[in-house]
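See below for the structure under consideration.
The values are calculated or read from the model by the stated rules, or taken from the named source; none is laboratory data. Given the structure is predicted, the values throughout are model-derived calculations rather than measurements. Neighbour counts run over all protein chains shown; Cβ positions are idealised from the backbone, glycine included.
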Amino acid sequence: MKALPVLAAAATALAAGTLLADGGLAAMPLKTMLVAHAGKGYGAPENTLPAFQAAIDAGFGFECDIQMSADHQIFAAHNPTASAYGGGNVPFKEMQWSEIAQLRCAGTPLPRFEDILALMRDGQKSFVEVKESAGTEIVPYIKSAVESQSVATPANMLFISFDREICRALRQALPAYEVMWIIFSHKDLEVHDDQRGPAYTAAEVIELLQEANLTGVDMAGDKSVVTEAFVRQVKAAGFKFGVWTVDSIDNARIFLKRGVDAVTTNRTKEIEEELADSPWRLAEFLDSAAKPIDTRIGTKCDVSDMDLDSRTGSQAESNLGGLTTTQGGSRMLLH
């Protein structure tokens, strides 16, 4: 009778982390695999210090978006202009920090990068998204800020960007830190008129990551593209794999089972509470034991006139047919 030891091991695994179909565990416990998108889900305005602090206090890492002023001050804001924060339609990169410091997101100041770095905590990996509008010229100033402190480290922080040249520059400037390239699941995506280019293949993603010397990919959570085989192929090449923005608990379960390393979501608390002790993992583990193993088990600012330059809102569902575009958060899938 070998069933009892197997059951005991499975029960132990359930308590310790994320159970895989092969009986192993994910690299980190479930809670550390969930990333609070813009610090949302805890009542504070997105991309503000109270939002980030609330996510950290709840035990999660957070995702933040950073821009740079004309006088080289780095701060958190999603949009490239001040229009959504009580200012005019002026690019942040043309404004002085003294002007930006007067702006508000739902009544809360835009936080400086130095203050964000001070929130980082080991065991809660946070994602710093460098916006395309900042350009590669922001990288030396990021490097200076990071090297001037000791709280944010490669153990608790990584960088992400849609701009592969920014990613490349970050890897060159801060080689100890992980840098993940953010992409949609489909190439040349035009969500405005629902026209999508062909989906990326795992081989294409691997080639592009290798060429820029990056450490991983952060991919839109399209279930028809981000399959178990896709994730395994990318990870087998030595890269980390994240998905965004997944607010459906069922979809979060699916992507975790497919082996992703991180899920960015507006619902960290709800997903963790639902999946942490859920019996589905044990049931599916036992069901898979007899088969060949080939799978692995807020408050927002005014977005009415936001520049839609990247993932600017909440993807409530990741559909088999592709990405949805829904209002309701800072990473709406209008690119």
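Name the residue that is surrounded by the most Cβ atoms within 10 Å (Cβ to Cβ), counting only residues in segment 258-302 that are modelled with pLDDT of 95 or more and among the basic types (Lys, Arg).
Ranking the qualifying residues of segment 258-302, first place goes to Arg267.
For the structure I just gave you, tell me whether Ala101 is over 17 Å from Ser69 (Cβ atoms) and small (Gly, Ala, Ser).
no
Restricting attention to segment 52-83, and to residues there that are more than 15 Å from Phe127 (Cα to Cα) and in a helix (DSSP H, G or I), which single residue is modelled with the lowest pLDDT?
Checking each candidate, the answer is Ser83.
Going by the structure shown, is Gly123 exposed (fewer than 13 other Cβ atoms within 10 Å of the Cβ) and under 29 Å from Thr268 (Cβ atoms)?
Yes: the conditions hold for Gly123.
Hey, any hits in segment 84-106 for a residue that's outside any loop (DSSP other than H, G, I, E, B), within 19 Å of Ile182 (Cβ to Cβ) and modelled with pLDDT of 95 or more?
no
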